[in-house]
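The values are calculated or read from the model by the stated rules, or taken from the named source; none is laboratory data. Quantities reported herein were computed from a predicted structural model and do not represent experimental measurements. Using ideal geometry, Cβ is built from the backbone for each residue, glycine included, and neighbour counts are taken over all protein chains shown.
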Amino acid sequence: MVSHPGRPITECQTGLLVKQAYERAATVGIAVKGFAETGIWPYNPSVFNATHFAPSLTSDRPATAALIDSSGPSTTLEPQPGKSIHQLFFDLRIISSYF
């Protein structure tokens, strides 16, 4: 592209160009930095704060059913108004840890 400006790229050239770009971009250093920035490794639970999750509040509505009750995990859905979708997903993670 640099040596022939204005000349279209053919399908045959696409693979080589992607390979060259990938080899320059996919490095161990970039992968390590990506894990560090997101708090995955080393583990950092305070990487994100409440403002990062604010956009999801527009779809956070009370659910019509809960996955567990106060006595422990349950496989039936019991109506519990006021539980948000996020709480239901958290409950589902708790239930799946029992199996």
- Query: Which one of T64, T58 is at pLDDT below 85 and in a loop (DSSP other than H, G, I, E, B)?
  - Reply: T64
- Message: If V18 meets every condition in (1) of a type in the set (V, I, T); (2) in a loop (DSSP other than H, G, I, E, B); (3) surrounded by 10 or more Cβ atoms within 10 Å (Cβ to Cβ) apart from one, which number is that one?
- Response: (2)
